[in-house]
Structure formats: C-alpha cells, structure tokens
Amino acid sequence: MIDGASDTVQFAHRHLLGIEGLSPDDITLLLDRSESYVEQNRQIDKKKSVLRGRTIINLFFEASTRTRTSFELAGKRLGSDVINMSVSTSSIKKGETLIDTAMTLNAMHPDVLVLRHPDAGAAKLLSEKVNCAVINAGDGSHEHPTQALLDALTIRRRRGRLQGLMVAICGDIVHSRVARSNIHLLNTMGARVRLIAPRTLIPEGVERLGVEVFHDMKEGLEDCDIVMMLRLQIERMHGNFFPSIREYFHFFGLDYEKLASAKPDALIMHPGPMNRGVEIDSEVADDFGRSAIREQVEMGVAVRMACLELLTLNQPEAEQRNL
Ligand code: NCD
C-alpha cells in the first residue's frame, strides 16, 4: 500500500449500501480512517496516490451540491479518476433505465459507482448487477450512509464519543434518508435518539427502531447534547403535511427560545441544504460557537475518502471480478 495507508485496515463489505447491517467495529474503522484524512485535507498539498489508476463514477439521478462535489474531491484527493454523470446530461433523459445505464458504465471497468437515486433500494439493485463496489449516496427516503458517518465524525470530534449522548433529530423524518441512517448509526454506537416532529412527519411504527418520539420541541430537546435539524423535503410531499410554513416554523423551527431546553453547550447540526426561516432560524444556523454545520461539510470529504479507500482496497483482484 502507498502513501502511508495502513495495510492492516480491513472492511468486511464489498459495498456501502446503508448503515443498517454495519457493526460498531465497521463504523469505528470508517471513522478512524476518516480522521486521518481530516488533517490531509487542511494541508496545501491535499493529494495522495492511494487510489492511483482507479476510476470512480458519480451517477446522480437527483440534484446534489455537497454530496456530489464531496465524492468528486474525495476521489481526486486520493489520486483516482472521477467521472460525474447527472440525469440532465445523460441517456437517462432518452429513456434508458437505471440498469441499462449501469451496465453501460460497468463495461468501462469502473472501480466504484456512487449512486444517488429517488427510489429506495436502487443502490442495492445496482450492486447486484455490476462488478465494482457501489456506494449509496442517497436512495429515496431509505438511507444515506456517508451522511450519517460524517455526522458521527463531527460529533465524535466535538464530544470525544458517541456512546451515551442524547441526540434529537427534528423535522421531516418521514421523508428523510439522513434520519434513517443516523438512527441506525447512533443506536449501533450506543447513543440515545429522540425524534421530534409533527405527527404527519413521523413514519408509522418508528419506535420499533429504538427511538423516543416527541411532538413538542421544548419537551423533546430537554437535556439533549446534539440537535440535528432536517430540511422540509417539499419535493417528496404529495398532499398537505402541515398548515403553513409560518406555523411550522413557529412550532418546529429551531430558534434560541426552543434551543434553551437543550444542554447549554448542545451542538447544532443540519445536513444541508438549509431552508433558513423554515426549519432553522438564520442566527442559530450561523452561531459560530454552537453550530457545526460547516464542519459537517468538511468532514464529508474525509469520510468519503475513507469509504472510497476501504471499499476499493477491499476489492477482489480483477480476474476474480470477471473483468
Ligand atoms: C440530504 C439528502 O440529499 O438526503 N442532503 C445531503 O445529502 N446533504 C438532505 C436533504 O436533501 O435535505
């Protein structure tokens, strides 16, 4: 292995399709590896050649700013070639199916396909059809594993641990793959999770995932260490989920008054993109001392570098992959 990458690291999965199914050791391995890239990303020379000669394809069927850029930077900083494909510029516009597109790309011998798709299960389906590693960059309302990992890295760096922390996830839970991946990760790592939202934005039976549900912000935020806000995903809503944006902000938007119920040093997080004045007050979002929102974006690149590295170095040799 090159450039100081440890030759003892072992990730026991061929793909990263979700957090569900990962063990505490898997998650710790990914976070520890990510940690080593945080410093590298702060240097003037950010480039290594761990993945030199490898090809990563970003296949995005949904709009994205930070996730796509983050995967692209991550791949390039490890020395691999990165191709970006988005719906607006591809044959998908001409009616090609996900699998046909994937098979076409697969024939070009990529090492990793990073997929974002509006349908839950799309990444799993893809992983069954191609020879390379697949990373789920968000599939419908199902999972978004690298987001949960970057959130965990941000929390671990600020609090030194995940175990025993009380984390509130607030807002549009029902449409949120970020919430689902975070619930799995935080539960696996021994944190406690509270969901706070109007009844219409809480999925039925979610208590089975081992969370506590609240419909009142002040009550739910009491003694929380971490306050994770979610965007109202209007584009996934068919029908009325709340009376008006104004009323939603009044009851569920994070402002200093509601935040006062949480621990005095509670950390504020948001995966972005933020709707200021809808789920979060602008001043709270920009509170330099308490908001970790920009740090989350920074950690995203490090986490994606670790995922790309561990999955790529874990691949069977080309002959065994029938290439
Ligand atoms: C999230 C997503 O796409 O699921 N964004 C992201 O990846 N940073 C959350 C959202 O869109 O609200």
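For this structure, a couple of remarks:
- Dimensions (Å) - the range 178-217, Cα atoms, principal axes, largest first: 27, 18, 18
- Where ARG77, ARG276 fall by accessible area, highest first, once all protein chains stay in place (1.4 Å): ARG276, ARG77
- For the chain, convex hull volume per residue from C-alpha positions, Å³: 135 Å³
- THR65 paired with SER23, simple spin-label distance in nm, labels 7 Å along Cα-to-beta-carbon: 4.0 nm
- Potential lengthening between ALA107 and GLU283 on full extension [0.36 nm per residue; Cα-Cα distance subtracted]: 58.4 nm
- Distant-in-sequence amide H partners of LEU267 (H built 1.01 Å from N, under 5 Å): ILE226, VAL227
- Cα gyration tensor shape for the range 134-180, rounded if a/c is under 1.5, else prolate or oblate: oblate
- Amide hydrogen neighbours beyond the local backbone of ARG192, cut-off 5 Å, H modeled: GLY164, LEU165, MET166, VAL167
- Among ALA107, ALA133, ALA148: highest mean-square fluctuation, GNM of the chain, C-alpha pairs under 10 Å: ALA107
- Sites ASP81 and ARG42, calculated FRET efficiency, Cβ-Cβ separation with R0 30 Å, nearest 0.05: 0.80
- From phi via Karplus (6.51, -1.76, 1.60), per-residue ³J(HN,Hα) for the range 120-127 in Hz, x at Gly/Pro: 4, x, 4, 5, 5, 4, 4, 5
- Hz values of 3J(HN,Hα) by residue in the range 189-201 - Karplus curve (6.51, -1.76, 1.60), Gly and Pro given as x: 8, x, 8, 10, 10, 10, 10, 10, 5, x, 3, 5, 10
- Solvent-accessible surface of the chain, taken per residue with a 1.4 Å probe and all protein chains present: 44 Å².
- Amide H partners (placed H, <5 Å) of LYS46, local residues excluded: none
- Taking the Cα atoms of the range 160-241, the ratio Rg/Rh between the radius of gyration and the Kirkwood radius comes to 0.96.
- Contour excess over end-to-end distance, with Cα ends at LYS263 and HIS215 and 0.36 nm allotted per residue: 15.4 nm
- Förster-model FRET efficiency, 25 Å R0, ASP119 and ARG276, C-beta, rounded to 0.05: 0.25
- Hydrodynamic radius by Kirkwood, which averages 1/r over all alpha carbon pairs of the range 16-113, in angstrom: 15.4 Å
- If you model the range 211-280 as an ellipsoid using its alpha carbon gyration tensor, with each semi-axis the square root of five times an eigenvalue, the axes come out at 22, 13, 12 Å, biggest first.
- Size-normalised alpha-carbon gyration radius of the range 171-323, reference 2.2 N^0.38 Å: 1.20
- Here the dipole of the range 189-322 is about 300 debye; that uses its Cα centre as origin and unit charges on the Cβ of Lys and Arg (positive) and Asp and Glu (negative).
The values are calculated or read from the model by the stated rules, or taken from the named source; none is laboratory data. Quick caveat, the model's predicted, so the values are computed rather than measured. A quick note on method: Cβ atoms are made from the backbone with ideal geometry, for glycine too, and the neighbour counts reach across all protein chains shown. All accessible areas refer to the heavy atoms of the entire protein, side chains included, with ligands and DNA or RNA removed. Shrake-Rupley method; radii C 1.70, N 1.55, O 1.52, S 1.80 Å.
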